[in-house]
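Working notes, structure below.
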Amino acid sequence: MARGTISIEGIYRRHVQTVYRLCYSYLGSSAEAEDATQALFMKLVEHPRSFESEEHEKAWLIVAAKNHCLDVLKSAARSRVVALDERVPEPSVEDEVFKDEPSEIMQAIMRLPEKYKDVLVLFYYENRQTDEIAGMLGSPPSTIRNRLADARVLLKKELGGGRT
Amino acid sequence: MTDEQLDEQIRDAYASAELSPEAEERILANLLAAEASRDGSARAEEHEAKIVPLPSKRGRRRHAWIAPAIAASLLVAAFLGTRIMFSSGARDAASVGNDAAEYAVSGEGGNAAESESVPLDMKSEDVDAADQDAAPQDVIAEVVVLEDGRRFSIEDVAVDVDNPDGLVWEGAVIESTGGPCEAVLLEDGTMLVRFEGEDVLYRAFELSR
């Protein structure tokens, strides 16, 4: 393992927006997504590792970000007294700041099951083909295509239901 | 809503969910500070390691009991030596009727034992402390090799794993030491790793396919 040979700034600049968007779609708050993004890259600082390519970098970061967000959600779910239903983002005067209010479509994305979120980021933000996504996530291309199709159906149902 | 309209909305949603430039720079500053700190402390650790080498690798930890055992044996020997000296001194004292001599002998023996036991005791504690400090972080960044040759880098402690004993574990080895461990591949492509006798689970990521 080539410790100390990687530049954290280079990796950070290349992938920070993708990592942040993925974290945001999981955590639903810009503050939490920022914390998660920093924590993820901090792991690379504390435990440097070498990558074969930028694609390898991105794939590692996507999987690591997903795992980190799931850990955050699990620990948050355990520590909170509120019921799970109350965690679904709803407009509230007690929300942190109004400017962070996610758009309707982003709220719908946040409510999707976790397995769709990394696929959506890679397809819609990174403009990756399903075969590429399959390679990055280690899943069959047919699974990725099915997840995209299912996610579209769920999002249409959410948005078509007139929820605000 | 058509598929095209939905696609466009999703793309817009991701495009607008952007990390602000201020936050981006702030995080980068924190990372660079941590990187500088890491490089500085790494150099310091290298320097210290030349003076006082301590067990840090997992393979060496298996032999970490030797130093405390030797230290304990020497302590026992020193204690017994003190008792023997005290006894012989007492006999001498009784024979010549000199209580002051008895005290002097026992005091000398006691001091000798004490002066020996202090550094030995400290060494033993140091080894224990190093051993405790080394776990579990010492396996972080170690590479685990599966039987099929795939290599995984241990990156973190895995938390919130429900019922690990219900998983199907397979044998694996630590690349640097050849030490055994157990691993189980998860659906997300990561791997859980555990070591015999430890409750801690680690998460590992594949290095090459």
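Quick notes on this one:
- Against the numbered list (1) more than 15 Å from B:LEU207 (Cβ to Cβ); (2) at the interface with another protein chain (Cβ under 8 Å from one of its Cβ atoms), A:VAL63 comes up short only at (1).
- Any chance A:LYS43 is more than 10 Å from chain B (Cβ to nearest Cβ), under 29 Å from B:ASP162 (Cα atoms) and touching a His at 6+ places or on another chain (Cβ under 9 Å): no
- Residues that are more than 7 Å from chain A (Cβ to nearest Cβ) and either among the aromatic types (Phe, Trp, Tyr) or closer than 29 Å to A:ARG128 by Cβ (or both), drawn from region B:8-42: B:GLU8, B:ASP12, B:ALA15, B:SER20, B:PRO21, B:GLU22, B:GLU25, B:ARG26
- Of the residues making up region B:143-156, those that are surrounded by fewer than 19 Cβ atoms within 10 Å (Cβ to Cβ) and more than 10 Å from chain A (Cβ to nearest Cβ) are B:VAL145, B:LEU146, B:GLU147, B:ASP148, B:GLY149, B:ARG150, B:ARG151.
- Among the candidates A:ALA76, A:ALA64, residue that is surrounded by 12 or more Cβ atoms within 10 Å (Cβ to Cβ), in a helix (DSSP H, G or I) and at pLDDT below 80: A:ALA76
- Flag for A:LEU137 being at the interface with chain B (Cβ under 9 Å from one of its Cβ atoms), surrounded by 14 or more Cβ atoms within 10 Å (Cβ to Cβ), aliphatic (A, V, I, L, M) and more than 19 Å from the chain's Cα centre (by Cα): no
- The set of residues from region A:110-134 being farther than 19 Å from A:ASN67 by Cα, within 17 Å of the chain's Cα centre (by Cα) and part of a loop (DSSP other than H, G, I, E, B) comprises A:GLU126, A:ASN127, A:ARG128.
The values are calculated or read from the model by the stated rules, or taken from the named source; none is laboratory data. Not measured: the values here are computed from a predicted model. Glycine also receives a Cβ, built like all others from the backbone with ideal geometry; neighbour counts cover every protein chain displayed.
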